[in-house]
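The values are calculated or read from the model by the stated rules, or taken from the named source; none is laboratory data. Predicted model, so just to flag it, every value in this text is computed and none were measured. Here Cβ is always computed from backbone atoms with ideal geometry, including for glycine, and neighbour counts include all displayed protein chains. We work out accessible area using only protein heavy atoms, side chains counted, and drop any ligands, DNA or RNA first. Shrake-Rupley method; radii C 1.70, N 1.55, O 1.52, S 1.80 Å.
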Amino acid sequence: YLDSNQLTGTIPSSLGDLSQLQNLDLDSNQLTGTIPSSLGNLSQLQSLEIGVNQFTGKISPSLGALSNLTILWLSGNQLSGEIPSSLGNLSQLQGLYLFRNQLTGEITGLPLEVGVFDLNVSAFNLAGEGQTTIQLIVNKTGPRVSSVEPRGVTSSSAKMSGRVLSDGGEDVQMSLFW
């Protein structure tokens, strides 16, 4: 635990050689550079907390190999690009913190646990910042998809496309107004 120590410089790639490391907390320092892909070699790592630094670049897909990871805290950096789909492989993950970066994309996967989960969501644009918490409810029942053909649509310029994903439980409802 080396958080809040005013550390500077980069994370050395050789840190990925510490095969028995379980927790790495470098949060709230002044570290720069990219997050080394070698951190994906830390097979025993349970907590990776490197938020509130000045890391740049993309999140390495190698972090998706951290099968024991329960906490991934990358918020408050200058990370950009697509969120790697490999993060969907983190089946033990209980906390994922990516806010205050310039990331895009989605994380997909099937829920392995039933329950109610809080998702903290942040959005940024030129007008400012918005934050909220959304509750995700995962039930035991399987997904059910149904659709009804639209009736009375008279505009030839109206166009809608999208995906509705449901991994169980509650009926999916979607409304379109124009």
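For the range 37-60, give me the residue count where each residue is among the aliphatic types (A, V, I, L, M) and part of a strand (DSSP E or B).
1
Please work out if Glu49 is buried (at least 17 other Cβ atoms within 10 Å of the Cβ) and acidic (Asp, Glu).
Values: buried (at least 17 other Cβ atoms within 10 Å of the Cβ): yes; acidic (Asp, Glu): yes.
Yes; evaluated as a whole, the condition is true for this residue.
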Failed condition for Trp73, given (1) modelled with pLDDT of 90 or more; (2) open to solvent by less than 30 Å² (accessible area, probe 1.4 Å): (2)
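From Ser75, Ser62, Ser28, which residue is polar (S, T, N, Q) and touching a helix residue (DSSP H, G or I) at 6+ places or on another chain (Cβ under 8 Å)? Give the steps one after another, and end with the answer.
Numbers: Ser75 fails: touching a helix residue (DSSP H, G or I) at 6+ places or on another chain (Cβ under 8 Å); Ser28 fails: touching a helix residue (DSSP H, G or I) at 6+ places or on another chain (Cβ under 8 Å).
After applying the criteria, what remains is Ser62.
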Pairs, first within 11 Å of Glu106 (Cα to Cα) and part of a loop (DSSP other than H, G, I, E, B) in the range 74-93, second of a type outside the set (D, E, K, R) and open to solvent by 60 Å² or more (accessible area, probe 1.4 Å), C-beta under 9 Å, six or more apart: Ile83/Thr104; Ile83/Ile107; Pro84/Pro61; Pro84/Ile107
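Output the residues belonging to the range 16-29 that are under 23 Å from the mean Cα position of the chain (by Cα) and either of a type in the set (D, E, K, R) or open to solvent by less than 80 Å² (accessible area, probe 1.4 Å) (or both). Step through it out loud before you land on a result.
First pass over the range 16-29, keeping only residues under 23 Å from the mean Cα position of the chain (by Cα): 16, 21-29.
Gly16, Leu21, Asn23, Leu24, Asp25, Leu26, Asp27, Ser28, Asn29, listed by residue number.
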Enumeration of residues in the range 76-109 that are under 18 Å from Gln131 (Cβ atoms) and either open to solvent by 60 Å² or more (accessible area, probe 1.4 Å) or touching a Pro at 6+ places or on another chain (Cβ under 7 Å) (or both): Leu96, Tyr97, Phe99, Arg100, Gln102, Thr104
Pairs with Cβ under 8 Å, 6+ apart, first in the range 31-49 and under 14 Å from Ile71 (Cβ atoms), second among the hydroxyl-bearing types (Ser, Thr, Tyr) and buried (at least 17 other Cβ atoms within 10 Å of the Cβ): Leu39/Ser60; Leu39/Ser62
